[in-house]
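Notes for the one structure printed next.
The values are calculated or read from the model by the stated rules, or taken from the named source; none is laboratory data. Fair warning: this is a prediction, and the values are worked out from it, not measured in the lab. Please note: Cβ atoms are built from the backbone with ideal geometry, for glycine as well, and neighbour counts cover all protein chains shown. The area values use the complete protein model at the heavy-atom level, side chains included, leaving out ligands, DNA and RNA. Shrake-Rupley method; radii C 1.70, N 1.55, O 1.52, S 1.80 Å.
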Amino acid sequence: MKRSLLILFLVFLAAGLFAEGKWRIAFSNDYAANSWRQQMLRDWQFVVDKAKQAGLISDAQAFTTNESSAAEQAAQIQNLILEGYNAIVLDASSPTALNGAVDQATAAGIPVVSFDNVVTDPKAYNIIIDFQWYGRNEVEYVAKHFGTKGNLLEIRGLPGTFVNDEIHKGIVAGLKEYPDLKVVGEVYGNWDEATAQKAVAGILPSLPKIDAVVDQGGDGYGAIQAFQAAGRPIPMVMMGNRYDEMVIWKQLRDSQGYHTFSACSQPASVQMAFWVALDVLNGKKVPHEIRVNPLVIPEDKLDWFIAHTQKGGVASLYYPQDWVERLIAGEMAGKGPLPDPIGG
């Protein structure tokens, strides 16, 4: 009871001190150990710097837990409440385990905007990437460009997360349309090249010929390395917009006419979450669920994206405030992101 009163006192104090242009927004991030998350943190700082220069906020800090621990992240959110932040942007370690902490924040008048790995708490504002679309379209691409019969290897992401579960559901749904495309092996790559390479190398000796690899992004390059090291033919490997994936795709395309599919949730979805949080703080009407498609790199734009992506990073774009407000208004449904790259 005393803790709750203290939280409320600090919130009311903060409300009196911070008007529009003086907001403090915190970013609670559960994981940073891959190139997508590192790009996401750069994208956060990019939009924060823009907002500061425009006088829209006073501060916006990013806080990352060590082990993608729901308990640690829940404690982190509670600390952010006590520190008087006006809003919290959240990339969650669990879709459900943080709901209690989210409830505490919203009860204290602090809006929570989750993205990427979103929470199920209806009080939160959620930016939902259509990850099932991602999984289904990988299967559709294989069926269209390879064939409707073959052996697939599935590389999954980080166990227990919303993203991992949703992409897998999309793959399963896609395979129902093509019963002769069979998943003959499954590993977890944690959206990380080195982890994926090790996992694929470990399972390859037990597998028959693999015709295609469906995955979740960040694992395509590692998968190709594992096939090459094992002296096995390189199958059609789905890519996830990482720089190394795009470069090896280009090399294979130019040398042997290799075709594949590259898509991923955009790291800059953190910027969408930032602008949504700011709009909520400024009293604008915002729906609690906003949907957006993953960023797809078509083959004819591959060279452009390589030139505009940081080495070792992930293809990303800048989402300005007016674009996000058009998204909120429903004007961007079915449309691609603006071609305004970060990095490169």
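Which whole-number percentage describes the relative contact order of the chain, with Cα contacts under 8 Å and a sequence gap of 6 or more? Before the final figure, lay out the partial values.
Values: 717 pairs, mean separation 57.3, N = 344.
17 percent.
When +1 charges are put on Lys and Arg Cβ atoms and -1 charges on Asp and Glu Cβ atoms, the dipole computed for the chain relative to its Cα centre reaches about 140 debye.
Based on alpha-carbon atoms only, what is the radius of gyration of segment 83-141 relative to the globular estimate 2.2 N^0.38 Å? Please list the in-between numbers first.
On the way: Rg = 13.9 Å, N = 59, 2.2 N^0.38 = 10.4 Å.
Here the answer is 1.35, to two decimals.
Of all accessible surface on the chain at a 1.4 Å probe, what whole percent is carbon and sulfur? It would help to have the intermediate numbers written out before the result.
Details: 7430 of 13990 Å².
Roughly 53 percent of what the probe reaches on the chain is carbon or sulfur.
Using 1/(1 + (r/R0)^6) with R0 = 51 angstrom and r between the beta carbons of Ala329 and Ala71, what's the FRET efficiency to the nearest 0.05?
Numbers: r = 38 Å, r/R0 = 0.74.
After rounding, the FRET efficiency stands at 0.85.
Quote to one decimal, in nm, the extra length available between Lys52 and Lys198 on full extension: 0.36 nm per residue of separation minus the C-alpha distance between them. Intermediate results must be reported in sequence, preceding the final value.
On the way: separation 146, 0.36 × 146 = 52.56 nm, distance 4.23 nm.
Computed gain between Lys52 and Lys198 is 48.3 nm.
The residue list Gly218, Gly231, Leu278 was ranked by how far each Cα lies along the charge dipole of segment 214-296 toward its positive end, using unit charges on Cβ atoms, and Leu278 comes out on top. Note on Ser206 and Gln228: the model spin-label points, each 7 Å out from Cα along the C-beta direction, lie 2.6 nm apart.
If you take the Cα centroid of segment 208-242 and the Cα centroid of segment 34-88, the two points sit 33 Å apart. The value of relative contact order for segment 114-255, using C-alpha pairs under 8 Å at least six residues apart, is 22 percent.
Would you mind checking the pairs Lys144/Lys169; Lys144/Lys198; Lys123/Lys284 and listing those with alpha carbons more than 23 angstrom apart? Could you put the intermediate results ahead of the total?
Details: Lys144/Lys169 20 Å; Lys144/Lys198 29 Å; Lys123/Lys284 16 Å.
Among Lys144/Lys169; Lys144/Lys198; Lys123/Lys284, the Cα-Cα distance tops 23 Å for Lys144/Lys198.
Here's the list of aspartates and glutamates a cross-link from Lys149 could span, going by alpha-carbon distance under 13 Å and ignoring same-chain residues fewer than 8 apart: Glu140, Glu177, Asp180, Asp211.
In the neighborhood of Leu152, defined by Cβ-to-Cβ distances under 9 Å, what is the net charge if each Lys or Arg adds +1 and each Asp or Glu adds -1? Before the final figure, lay out each step's value.
Working: positive: Lys182; negative: Glu154, Asp211.
With Lys, Arg at +1 and Asp, Glu at -1, the net is -1.
Residues in segment 18-163 average 35 Å² of solvent-accessible surface per residue, probe 1.4 Å, ligands and nucleic acids excluded.
For the pair Lys284 and Ala32, a Förster radius of 30 Å applied to the C-beta separation gives a FRET efficiency near 0.50, rounded to the nearest 0.05.
If R0 is 45 Å, what FRET efficiency do you get for Thr120 and Tyr258 from their C-beta distance, rounded to 0.05? Walk me through the numbers on the way to the answer.
Numbers: r = 40 Å, r/R0 = 0.88.
Approximately 0.70, to the nearest 0.05.
Listed values (i) 17.0; (ii) 28.5; (iii) 18.2 include one computed from this model; for mean projected area of the Cα convex hull in nm² that value carries the label (i). Spin-label model, Glu299/Val183: points 7 Å from Cα along the beta carbon direction are separated by 2.6 nm.
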